[in-house]
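Single-structure report; data block below.
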Number of protein chains: 2
Amino acid sequence: MSDAEKTRQNILDVAADEIHQHGYKATSLSVILERCAISKGALYYHFSSKIELGYAVFEEIYVPTFLNTWQPALAQKDPIEGLCEFFTAMCNNMNCSEVVCGCPLNNLCEEMANVDEGFRLRILAMQEKLNQLIVDSLSKIEASLRPELELDQVAYFIVSAFHGSTSLSKSSRNKELFQKVTSELCRYIRSLKK
Amino acid sequence: MSDAEKTRQNILDVAADEIHQHGYKATSLSVILERCAISKGALYYHFSSKIELGYAVFEEIYVPTFLNTWQPALAQKDPIEGLCEFFTAMCNNMNCSEVVCGCPLNNLCEEMANVDEGFRLRILAMQEKLNQLIVDSLSKIEASLRPELELDQVAYFIVSAFHGSTSLSKSSRNKELFQKVTSELCRYIRSLKK
DNA sequence: ATAATAACCAACCGTTTGGTATGTTGCAAG
DNA sequence: CTTGCAACATACCAAACGGTTGGTTATTAT
């Protein structure tokens, strides 16, 4: 990786962290410059504006890590148990700062979906992709699932409950509520089977 | 109501609307002043700072309307059906702007819970109160519910799924996803019965 | 009638914001 | 040896922000 690529990647990483912690709007370019130890000219050489930097963080950092987080769980032979293990493991492995900061994608959705079309469409695409992944994985074991289920609806419900739990945790500053919700979420998911 | 009280109430109403639309941080005092047709001196006569105005909006606008929204549903003889009707009605009655803006309390939770302790504690108290309301209402029909349920856990799960659905709707800009999630939420809630 | 206070206004303050224009450095090709 | 461009740095800008100040009405109590 060339020096320029390193600089660009460093900006992306730091920006991703800052946006995760403080949200997009509250993220200050000057803080990013300080942490990267570069000048404003350097940043504007690599990114044409703050919003373009935001889009790049979304596409090059958030989306890949998001998919890498969900994919393994859904790729299991039994996606039901895969999801349950995924939620349980996430609950166990999460440290305090992650609990407080929530899911980067969900945060951006809450903050930016209704004020910036560029973010909205990217988030929407991501949500639809995740939902399709869940639907596909559940379809593979459809024979063992209750026949009355609408998988599309079930998938959105799972994601909603999960993201809602990250929101709940922010105010309590601990894993307790997250634990409770994911626990009930697992009970729900398992109840999808016949 | 005296003129001063009218002024104060007007500031609260306008601020509540602005915060709902753009979030707390992005809400500009100057916009509030314009919409109220008052000067900055007037605002700072009634509220000592922007954050105190935010707290007042939370306590005097958001909390009462929030409780007034949930209470009737939970006060029904059968809270299970009460909640289902509540969610369905909400889905039917919501206009586009409400879909896009989401739940004011959930928005504030996402935006402010991890950056301002004053907001965090107020939100936490509200969440615990709502959860207690749900637990109490479910307890009344506990005999008709599945015995293995942990009501505290169930209540937080319901709220999570609901708030998650408002988040989902923001990116799609329509009621479709909200409809799907609440539909599945109703199916889940009804499945709590024996 | 007058004093006091509540309710409000206009102007201004320092700071921070995203963004830009110009200047400088190092390396690589000709 | 020098020309040229990539990769930055420096210095600056206008706008917006929350907040403060000193002054001005309007209302009420005495």
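The values are calculated or read from the model by the stated rules, or taken from the named source; none is laboratory data. Quick caveat: nothing in here was measured; it's all calculated off a predicted structure. Counting neighbours? That spans all protein chains shown, and the Cβs are built from the backbone with ideal geometry, glycine included. For accessibility, only protein heavy atoms count, side chains too; no ligands or nucleic acids. Shrake-Rupley method; radii C 1.70, N 1.55, O 1.52, S 1.80 Å.
In the frame of its principal axes, region A:139-188 has Cα extents of 40, 16, 16 Å, reported largest first. With helices as the sole contributors, chain A gives -24000 deg cm²/dmol at 222 nm; each DSSP H run of n ≥ 4 counts as -39500 (n - 2.57), and the sum is divided by every residue. Take each residue in B:171-179, count the other chain C-beta atoms within 10 Å of its C-beta, and the mean is 5. Unpaired cysteine residues in chain A (no second Cys Cβ under 4.7 Å): A:CYS36, A:CYS91, A:CYS96, A:CYS101, A:CYS103, A:CYS109. Shown is the FRET efficiency for A:ALA125 and B:GLU85, computed with R0 = 51 Å from the Cβ-Cβ distance and rounded to the nearest 0.05: 0.90. Inter-label distance, A:LEU149 to B:ILE51: 4.7 nm, where each label sits 7 Å from its Cα along the C-beta direction. Computed from the Cβ-Cβ distance with R0 of 51 Å, the FRET efficiency linking B:GLU117 to A:ASP3 stands at 0.75. Residues whose amide H falls under 5 Å from that of B:LEU145, counting only those 5 or more places apart or on a different chain, are B:LYS194, with hydrogens built in the peptide plane. Dipole magnitude for chain A: about 400 debye, using +1 per Lys or Arg Cβ and -1 per Asp or Glu Cβ, origin at the Cα centre.
The three principal axes of the Cα atoms in region B:1-83 give end-to-end lengths of 51, 31, 19 Å, sorted in falling order. Averaged over the residues of peptide B:148-159, the number of Cβ atoms from other protein chains lying within 10 Å of each residue's Cβ is 5. Dividing the convex hull volume of the alpha carbon atoms of region B:83-159 by its residue count gives 100 Å³ per residue.
Rolling a 1.4 Å probe over the heavy atoms of the protein chains gives chain A an accessible area of 43 Å² per residue.
Each Lys or Arg adds one and each Asp or Glu takes one away; over the other residues whose Cβ falls under 15 Å from the Cβ of A:LEU53, this sums to -1. Which residue, chosen from B:CYS96, A:THR88, A:LEU33, occupies the Cα position most advanced towards the positive end of the dipole of the protein assembly as shown, where the dipole is computed from +1 (Lys, Arg) and -1 (Asp, Glu) charges on Cβ about the Cα centre? Farthest along the dipole direction, towards plus: A:THR88.
Using DSSP to call loops (not H, G, I, E or B), can you name the trypsin sites (Lys or Arg not before Pro) in region B:64-150 whose Cβ has at most 10 other Cβ atoms within 10 angstrom?
Answer in residue order: B:LYS77.
Each principal axis of the Cα cloud of the protein assembly as shown was evaluated for its coordinate range; sorted largest first, these ranges are 69, 59, 33 Å.
For the protein assembly as shown, the share of accessible area belonging to carbon and sulfur comes to 51 percent (1.4 Å probe, ligands and nucleic acids excluded). The convex hull of the Cα atoms of chain A, projected and averaged over all directions, covers 12.0 nm².
Along region B:26-32 the Karplus relation, 6.51 cos²θ - 1.76 cosθ + 1.60 evaluated at θ = phi - 60°, assigns HN-Hα couplings of 6, 6, 9, 4, 4, 5, 4 Hz to successive residues, with x for each Gly and Pro. When each of the peptides B:42-48, B:11-17, A:180-186 is scored by the mean number of other C-beta atoms lying within 10 Å of its residues, the order from highest to lowest reads A:180-186, B:11-17, B:42-48.
Sorted into 10 angstrom bins from 0, the C-alpha pair distances of region B:76-125 split as 22, 31, 34, 13, 0 percent. Legend: residue pairs A:LYS175/B:LYS175; B:LYS25/B:LYS175; A:LYS129/B:LYS175; A:LYS129/B:LYS25, Cα-Cα distance threshold 29 Å; pairs beyond threshold, A:LYS175/B:LYS175; A:LYS129/B:LYS25. Each Lys and Arg adds +1 at its Cβ and each Asp and Glu adds -1 at its Cβ; summed about the Cα centre, region B:27-107 shows a dipole of about 320 debye.
Note on A:81-94: average number of Cβ atoms from other chains within 10 Å of each residue's Cβ is 0.
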